Amino acid sequence: MTTAPGQDSSAADPSQPVSVGQHRGVTDGCVVTLHLWGVPGRSLPRALGHMATDRMALRRTPGLLFAKSLGTGRGDTFGIRDADLGRWGLLTVWEQEACAAAFEHGTVVTSWRRFADEEWAARLQPLSARGRWSRQEPFGRPRPRAWDGPVAALTRARLVLRRAGRFWRAVPPVSADLHRAPGLWLALGIGEAPVGLQGTFSVWQSSSALNAFAYQRAPHAAVMTRTVRERWYAEEFFARFALVSAHGTINGVDPMALARAATHSG
């Protein structure tokens with residue numbers, strides 16, 4: 001398995017969840033998990049089947065408040081050509097920790113593990129949220145709180161179709177600049193449908209690194225201005241999370257290797 005530069009070889013077993021931040025008041029509210037599974041080409045039909053059938057199993061899951069099965073992509077243009085048919089995700093929101101822990105050994109997750117050749121999973125707690133997702137506020141309205149550690153950001157939008165062309169043309173410069181941004185550890189596109197319902201998930205070294213990209217880098221700031229002025233979205237949602245723990249790999253690399261190295265060196 002390939003590891004990221006700077007990984008501490010004495011770190012804990014990477015197959016186990018690794019704490020990557022210090023709690024400062026992040027003790028209440030819902031628990032959020034994100035699973036990403038890498039799937040070999042021969043198992044694509046099984047992945048597509050799960051995208052359709054997991055909903056029924058999820059409805060019967062105790063303590064589950066919200067769930068979205070997700071496709072993924074590079075996020076370069078958010079068009080069909082961006083789609084990554086080898087990676088699929090599941091975002092879940094739980095009323096308590098015990099329910100989230102039980103889900104890790106439940107039918108849905110274990111079924112994906114039978115044919116996936118790779119998994120990355122993160123445990124998150126909301127720090128802020130704005131807007132609606134499928135007319136819901138899935139993470140509630142978190143109270144402001146501090147978090148000394150890596151953060152994750154999630155965006156989701158439902159495009160106004162007649163303005164979608166402007167959005168797609170505006171994405172490539174922002175995507176290119178994103179991957180050059182200091183402090184970025186992970187970024188990918190996410191979506192509930194090939195076109196029209198899309199978003200991003202990213203992990204950052206710190207809140208300051210995320211803020212610097214969101215508000216200080218010219219390509220993203222320009223698109224934010226156009227989004228408001230030209231009303232690209234029929235529905236939009238933004239959330240920020242404390243990255244409490246993570247384990248696994250994406251494309252053979254542990255994205256949290258730098259986090260573990262920083263934790264053990266500190």
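The values are calculated or read from the model by the stated rules, or taken from the named source; none is laboratory data. Predicted, not measured: the structure shown is a model, and the values here were computed from it. Heads up, the Cβs are rebuilt from the backbone with ideal geometry, glycines too, and the neighbour counts pull from every protein chain shown. Calculation scope for accessible area: heavy atoms of the full protein, side chains included, ligands and nucleic acids excluded. Shrake-Rupley method; radii C 1.70, N 1.55, O 1.52, S 1.80 Å.
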Cβ-based net charge around THR107, under 12 Å, with every Lys or Arg adding one and every Asp or Glu removing one: +1
Separation of the ASN251 and ARG143 label points, Cα + 7 Å toward Cβ, nm: 4.1
Cα→Cβ-extended label distance, 7 Å offset, between ARG60 and LEU44, nm: 3.1
Exposure rank, largest accessible area first [MET56, MET51; 1.4 Å]: MET56, MET51
Sum of side-chain charges, GLU119 neighbourhood, beta-carbon under 14 Å (Lys, Arg +1; Asp, Glu -1): 0
